[in-house]
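**Student:** A single structure is presented below for examination.
Bear in mind that the values in this text are calculations on the coordinates, not laboratory data. Values in this document were obtained by computation on a predicted structure and should not be read as measured data. Here Cβ is always computed from backbone atoms with ideal geometry, including for glycine, and neighbour counts include all displayed protein chains.
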Amino acid sequence: MSNARLKATVPKDFEIRQTNEFCVYCAIKEPAFKPVASAAVAAAPKGETKTSDKKAKTAPAAEEEDDDDLDDMFGDSDEEEDAERQKRIDAIAAAHNAKKEAKRIAKGKSIQRDINSYVFDVKPYDVETDLEQMAQDFKKVTHNGIKSWGVEHKLIPVAFGIKKLRIQVICYGDDGDGTTKGDSFGEDELHDIMNELHEDSIQSIDTHSFTKM
């Protein structure tokens, strides 16, 4: 059948397109629509677009890592500079204090000494220990490292009728005579003094508080 005769038998809303082998009917009212890719995407070889996207995503991450490295490098440098600066400040302060102390001694004044306050809890072995007598014995002790004992003391219940002695002592930071600085003096030395007086009665000595005055 010729194309002219075939067209005469087809409704008006259809058209005929001829292929190499045969003729097909195609609807014109609602033709299929497919979005057309942009020219750049269409021209790109297969697989190239995905690779470009990956590069774009990884680029900022790489830049962030570089920034972190720089931050770490400069951070370490700042810490080293701060440490060196602090060392210089400490050295200057120590030299100044030593010079000031030398002037005091040259004027006949006593050297400046550290003063510390300790409050001890002395726990006995049993209820028969006379803690009042123990407190009086401690307060009789004189020493180059001891400035004074606290005027008051307390007896604090512990358990099973046992009490502990809470007593204060104010001491220097050294055991010198005031004109020359002696050896360091503090908690351990005070423990030794108290244990020597009542070694058989003392179970333990705990530091309740410490204050640098």
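**Student:** For an R0 of 22 angstrom, estimate the FRET efficiency from the Cβ-Cβ distance between Asn195 and Ala159 and round to the nearest 0.05. If you can, show how the numbers build up before the last one.
**Tutor:** Numbers: r = 22 Å, r/R0 = 1.02.
So the FRET efficiency works out to roughly 0.45.
**Student:** Anything over 29 Å Cα to Cα? Flag those among Lys139/Lys163; Lys99/Lys147; Lys139/Lys212; Lys87/Lys147; Lys154/Lys212, in the order listed.
**Tutor:** Working: Lys139/Lys163 19 Å; Lys99/Lys147 26 Å; Lys139/Lys212 21 Å; Lys87/Lys147 33 Å; Lys154/Lys212 22 Å.
Among Lys139/Lys163; Lys99/Lys147; Lys139/Lys212; Lys87/Lys147; Lys154/Lys212, the Cα-Cα distance tops 29 Å for Lys87/Lys147.
**Student:** Suppose R0 equals 25 Å. What FRET efficiency, 1/(1 + (r/R0)^6) with r the Cβ-Cβ distance, do Asp177 and Thr211 give to the nearest 0.05?
**Tutor:** On the way: r = 24 Å, r/R0 = 0.97.
The calculated FRET efficiency here is 0.55.
**Student:** Full extension from Gln86 to His143: what is 0.36 nm times the residue separation minus their Cα-Cα distance, to one decimal in nm? Display every interim value, and only then the final one.
**Tutor:** Numbers: separation 57, 0.36 × 57 = 20.52 nm, distance 3.71 nm.
Going from the current span to full extension adds 16.8 nm.
**Student:** Follow-up. Calculate the dipole size of segment 103-213 relative to its Cα centre from +1 charges on Lys and Arg beta carbons and -1 charges on Asp and Glu beta carbons; express the result in debye to the nearest 20.
**Tutor:** Numbers: 15 positive and 20 negative charges, 203 e Å.
It comes to approximately 980 debye.
**Student:** Taking segment 115-212 on its own, what percent of its Cα-Cα pair distances exceed 23 Å?
**Tutor:** Numbers: 1102 of 4753 pairs.
For segment 115-212, the share of Cα pairs beyond 23 Å comes to 23 percent.
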